Amino acid sequence: MAQNFYQQAVKDVEKELATSQTSGLKSDQVKQLQEKNGPNSLAGTKKTSIWQRFLAQFKDFMIIVLIIAALLSGFVAQEWTDAAIIMIVVLLNAVLGVFQETRSEEAINALKKMATPNAHVRRNGQVVVLPSTELVPGDVVLLEAGDVVPADLRLVVTKSLKVEESALTGESVPVDKDAAAINAAKVPLADQVNMAFANTNVTYGRGEGIVTQIGMGTEVGKIATMLNNADETDTPLKRNLNQLGKTLTIMILLICAVVFVVGFLTKRGSAPADKLAIDMFLVAVSLAVAAIPEGLPAIVTIILALGTQVMAAHKAIVRKLPAVETLGATDVICSDKTGTLTQNKMTVEQLYYNGRVQQADQEITEDNRALLAMILANDSKLDEADQLLGDPTETALVQYALDQKIAVRALIDGHKRVQEVPFDSSRKLMSTVNENDGQYFVAVKGAPDQLLERVTQIDLAGQVQKITAAQKDQIMAANQKMAKQALRVLGLAYKTTKQLPVDPTTDNVETDLTFAGLVGMIDPERPEAQAAIVEARNAGIRTVMITGDFQVTAQAIAERLGILKANQDDRVVTGSQLDEFSDEYLQKHVRDYSVYARVSPEHKVRIVKAWQAAGKIVAMTGDGVNDAPSLKQADIGIGMGITGTEVSKGASDMILADDNFATIVEAVKQGRKVFSNIQKAILYLMSCNVGEVLTVFMMTMLGWDILAPVQLLWINLVTDTLPAIALGLEPVEKGIMTRLPRGKKSNFFSGGVSSSIAYQGILEGIIVLLTYQLGLNMGPHVGNANMQHGDALTMAFLTLGLIQLFHAFNSKYIHQSIFSKQTFTNKWFNWAIVISALVMAAVELPFLTKFFNVTELNGIQWLIVLTAGLSMIIIVEVVKYFQHRLGQK
């Protein structure tokens with residue numbers, strides 16, 4: 001089949017598709033074509049079962065490490081309780097993953113639901129009503145206002161036909177259709193005015209068209225194909241956790257091997273070789289379990305889930321948990337214009353009459369002839385609740401009058417329409433003849449240049465006089481000035497007559513007109529969008545506008561929003577220009593462009609990929625069917641909850657319930673907070689685990705007594721859960737939205753976290769070892785070696801547990817001092833520390849000392865333990881102070 005049907009004359013289309021405009025296809029042709037092409041429906045992705053999705057959750061490297069640790073803990077170390085806890089964490093993480101994540105089939109199913117159930121088709125010379133799934137290429141389809149276009153059509157008849165295509169092209173205004181062939185190559189989708197596309201809506205007039213493509217061959221079918229084939233993008237969170245898991249595994253295996261070998265060699269002779277080997281193996285396994293923060297996946301999930309609750313309260317609904325953190329890493333927001341940055345509602349902004357421009361909020365009198373023309377030359381309907389129905393351009397005119405407190409109903413009732421000359425795309429005008437007190441008022445609106453050709457007089461403050469050439473030039477200059485501001489301009493004219501035209505045609509009605517004025521309309525920007533873009537810029541985030549609208553409109557809106565400065569024409573590129581760019585060129589120069597106009601769905605995906613190839617984390621907002629592929633391709637897709645189609649919502653990671661661009665900025669703030677809090681939890685867990693590993697490692701190397709497996713596992717259980725989760729509830733840090741995005745290459749160890757883990761873990765280990773040494777040389781059991789070793793190990797054990805709880809305060813701020821009012825505002829953290837400290841100290845209860853192999857300490861020994869814990873805060877604060885001073889220098 002020919003690819004560009006819009007370039008062909010109707011007779012050539014009929015020949016190409018072996019059909020007839022007047023009689024349609026014959027039954028035998030239809031049968032053959034249905035066998036060849038199949039149904040006119042969209043194919044979905046291959047569905048995965050719930051079990052396949054569940055098992056897929058266990059591919060994560062960190063999860064595999066935890067499962068191995070659970071098996072070793074249970075079958076080798078016989079610590080079944082700890083093994084059960086680890087497995088519960090793993091299973092919970094998998095269930096949450098299945099519950100939160102959805103696949104692209106939801107978007108495809110939404111696309112299927114959009115299909116119209118029936119179509120009026122001409123076959124065998126007769127018009128029949130058929131399910132749209134039975135259509136084949138060559139069918140002749142009849143369209144009228146209210147219909148959903150059932151397939152891609154080459155229009156052959158258009159009678160004032162207008163089709164609303166915003167969901168497909170992004171253009172907010174219905175498109176005037178014309179059946180004439182287009183003699184141009186590579187015409188953008190939005191400019192193919194002799195085509196009607198599947199799943200768009202007929203808003204006005206009627207027409208006929210020949211089916212050129214069905215099912216997956218349609219423009220909406222191409223979008224479905226892109227959804228099916230879109231790559232699943234790994235989130236920064238997934239990449240960071242995978243990296244963390246691999247790093248931990250290598251480190252843990254090496255250290256455990258060293259502990260086992262050195263411990264076996266240094267203690268050789270103290271016990272039978274087989275028993276010693278088993279004992280050291282149990283220590284190594286316990287150390288491995290202690291070193292792995294097995295609660296980390298659950299803690300991350302909990303922090304993310306808490307983030308989603310906060311974001312939901314701000315009207316941002318998260319569909320995939322990692323989206324919370326990903327949004328916080330965003331470098332670029334590629335935003336659709338219509339309905340996202342703008343209100344998706346045509347609005348009168350300026351009027352021109354009496355030789356001057358007037359803003360829409362200025363008063364206008366009820367007897368103004370321009371006002372009367374825009375109300376009467378209008379097919380909008382007012383229902384009983386004063387809600388407007390009809391074409392967005394026409395409803396905007398009536399809404400302007402309503403906002404001006406004009407008695408619209410009274411004016412319409414007083415000027416009963418008796419004739420009309422409908423709009424058509426050739427003359428670009430519409431007129432109505434309205435009876436009023438025995439006379440007839442002719443109201444005309446349309447393209448200013450076409451209107452002026454029929455104007456002979458001008459109304460200036462109610463005084464009608466012959467129009468001059470200079471006045472016409474002045475009117476066209478005003479028209480051009482308004483058009484440069486991206487306003488859609490309509491001319492308004494009228495005349496009064498005592499005789500009703502016998503034949504209401506343009507030649508009989510639209511002559512000897514009196515010019516009344518111009519009206520300029522626009523889909524205005526959202527009031528809060530400009531401030532949100534400024535805040536995003538302060539946070540180092542680039543806002544890029546991508547729209548199917550015209551270049552001049554897109555550029556003007558971008559300037560009004562602050563995306564562009566005045567006269568930055570070189571930062572605007574159209575879809576046609578984009579077609580000339582190679583992928584390599586676009587990747588190299590993608591930073592040069594801030595506005596993309598007249599683009600197709602394929603262009604949007606290319607733009608997102610180009611930014612991603614430049615190493616940026618990209619968020620894409622959108623509400624139409626045409627946005628779905630790019631929403632899925634982006635690192636995070638943001639759908640619109642009110643104006644968005646089900647397709648765009650299904651392809652999104654997050655949905656804005658209020659369609660408010662400013663909500664994205666709040667979501668970015670929450671995303672940054674989530675990442676910061678996860679970093680705090682990791683700093684806390686990892687530095688504590690380094691301290692545990694170093695303590696056992698050095699005790700082994702020095703030939704000292706070693707903490708028992710049950711002691712290591714108890715510390716791990718008490719200190720790794722509540723404090724880490726509570727760190728995830730920390731409030732937003734001051735200045736978080738003045739920092740630059742952390743970048744795609746950053747991870748949880750960036751920003752000084754890795755060095756902090758290292759020195760704080762080493763510091764923790766040293767303090768515990770010093771406490772152990774103090775315990776060997778003081779206390780009530782001096783002289784009794786066995787009892788003295790027991791006291792020293794007990795002091796080391798309690799210090800190792802309690803020092804971690806003191807260290808949790810350090811982890812609240814990676815670089816800042818903890819001595820501030822905000823430190824104690826998190827009540828959940830305060831309670832977590834108190835409860836964990838009491839549970840840790842509970843091992844000193846008389847009935848538990850034997851189970852944990854500890855002795856009862858006296859007051860001096862407890863004072864040393866608490867002082868050792870407090871010293872962790874003091875030393876880290878001193879280090880932070882000098883880091884801050886050095887940073888200033």
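The values are calculated or read from the model by the stated rules, or taken from the named source; none is laboratory data. Source: prediction; values computed, not measured. Note that each Cβ is placed from the backbone with ideal geometry, even for glycine, and that neighbours are counted across all protein chains shown.
When only residues in the stretch 17-66 that are basic (K, R), at pLDDT below 90 and part of a helix (DSSP H, G or I) count, which is nearest to L130 (Cα to Cα)? Ranking the qualifying residues of the stretch 17-66, first place goes to R53. Residue count for the stretch 435-451 satisfying the condition of being closer than 15 Å to A370 by Cα and surrounded by 19 or more Cβ atoms within 10 Å (Cβ to Cβ): 8. Do we find a residue being of a type in the set (V, I, T), more than 30 Å from S425 (Cβ to Cβ), surrounded by 14 or more Cβ atoms within 10 Å (Cβ to Cβ) and not assigned by TED's automatic domain parsing to the domain that holds A190 anywhere in the stretch 507-526? No, the stretch 507-526 contains no residue that is of a type in the set (V, I, T), more than 30 Å from S425 (Cβ to Cβ), surrounded by 14 or more Cβ atoms within 10 Å (Cβ to Cβ) and not assigned by TED's automatic domain parsing to the domain that holds A190.
Taking the stated definitions as given, is G743 assigned by TED's automatic domain parsing to the domain that holds V878, of a type in the set (G, A, S) and part of a helix (DSSP H, G or I)?
Spelling it out, it is not the case that G743 is assigned by TED's automatic domain parsing to the domain that holds V878, of a type in the set (G, A, S) and part of a helix (DSSP H, G or I).
The residues of the stretch 849-869 that are aliphatic (A, V, I, L, M) and surrounded by fewer than 13 Cβ atoms within 10 Å (Cβ to Cβ), listed by number, are I860, L863. When we screen M795, M787, M778 for residues that are at pLDDT below 90 and in a helix (DSSP H, G or I), the only hit is M787.
The single condition among (1) touching a strand residue (DSSP E or B) at 6+ places or on another chain (Cβ under 7 Å); (2) farther than 23 Å from P174 by Cβ that R356 does not meet is (1). Being more than 13 Å from V444 (Cβ to Cβ), of a type outside the set (G, A, S) and out of contact with any helix residue (DSSP H, G or I) (no Cβ under 9 Å at 6 or more places or on another chain) holds for only one residue in M482, M476, and it is M482. Just one of the numbered conditions (1) buried (at least 17 other Cβ atoms within 10 Å of the Cβ); (2) in contact with a Phe, Trp or Tyr (Cβ under 9 Å, 6 or more places away or on another chain); (3) part of a helix (DSSP H, G or I); (4) at pLDDT 70 or above is not true of T247: (1). Only residues that are crowded, with 16+ Cβ neighbours inside 10 Å and within 27 Å of G743 (Cβ to Cβ) were counted across the stretch 572-597, and they come to 10.
Is it the case, given these coordinates, that T738 is surrounded by 15 or more Cβ atoms within 10 Å (Cβ to Cβ) and at pLDDT 85 or above? It is false that T738 is surrounded by 15 or more Cβ atoms within 10 Å (Cβ to Cβ) and at pLDDT 85 or above. Counting only helices (runs of 4 or more DSSP H) wholly contained in the stretch 583-680, the ones carrying 3 or more residues that are among the β-branched types (V, I, T) occupy 601-613. Residues of the stretch 538-554 that are surrounded by fewer than 24 Cβ atoms within 10 Å (Cβ to Cβ) and modelled with pLDDT under 90: F550, Q551, V552. The residue pairs whose first member lies in the stretch 612-626 and is closer than 18 Å to D658 by Cβ and modelled with pLDDT of 80 or more, whose second member is among the acidic types (D, E) and outside any strand (DSSP E or B), and whose beta carbons are closer than 7 Å, counting only pairs six or more residues apart or on different chains, are A619/D635.
Pull up the stretch 804-833, narrow it to residues that are in contact with a Leu (Cβ under 9 Å, 6 or more places away or on another chain) and of a type in the set (A, V, I, L, M), then point me to the one that is modelled with the lowest pLDDT. That would be I814. Evaluation of S755 against the conditions (1) closer than 17 Å to T867 by Cβ; (2) exposed (fewer than 14 other Cβ atoms within 10 Å of the Cβ); (3) of a type in the set (S, T, N, Q); (4) under 44 Å from the mean Cα position of the chain (by Cα) shows that the sole unmet condition is (1).
Can V768 be described as in contact with a helix residue (DSSP H, G or I) (Cβ under 9 Å, 6 or more places away or on another chain), in the same structural domain as Q711 (by TED's automatic domain parsing), touching a residue at least 12 places away in the same chain (Cβ under 8 Å) and more than 23 Å from V878 (Cα to Cα)? So V768 fails the test.
Determine whether T823 is assigned to a helix (DSSP H, G or I), without any contact (Cβ under 8 Å) to a residue 12 or more places away in the chain and surrounded by 13 or more Cβ atoms within 10 Å (Cβ to Cβ). Taking the combined requirement at face value, the residue does not satisfy it. Looking at A837, A842, A808, just one residue is surrounded by fewer than 21 Cβ atoms within 10 Å (Cβ to Cβ) and closer than 20 Å to N689 by Cβ, and that residue is A837. Any idea which residue in the stretch 518-572 is farthest from the chain's Cα centre (by Cα), counting only those that are among the β-branched types (V, I, T) and in a strand (DSSP E or B)? Out of the qualifying residues, it is V519. When the stretch 607-620 is filtered for residues that are farther than 20 Å from F581 by Cα and either in contact with a Leu (Cβ under 8 Å, 6 or more places away or on another chain) or surrounded by fewer than 20 Cβ atoms within 10 Å (Cβ to Cβ) (or both), the ones remaining, listed by number, are A619, M620.
Among residues of the stretch 341-380 being among the hydroxyl-bearing types (S, T, Y) and either assigned to a strand (DSSP E or B) or in the same structural domain as Q551 (by TED's automatic domain parsing) (or both), the one that is farthest from A461 (Cα to Cα) is T342.
When S600, S648 are checked against the criterion of being in contact with a Gly (Cβ under 9 Å, 6 or more places away or on another chain) and more than 29 Å from G743 (Cβ to Cβ), S600 stands alone in meeting it. Of all the numbered requirements in (1) closer than 25 Å to D379 by Cβ; (2) surrounded by fewer than 19 Cβ atoms within 10 Å (Cβ to Cβ), K186 misses one, and that requirement is (1).
Looking across the stretch 410-439, the residues that are outside any strand (DSSP E or B) and at pLDDT 90 or above come down to A410, L411, I412, D413, G414, H415.
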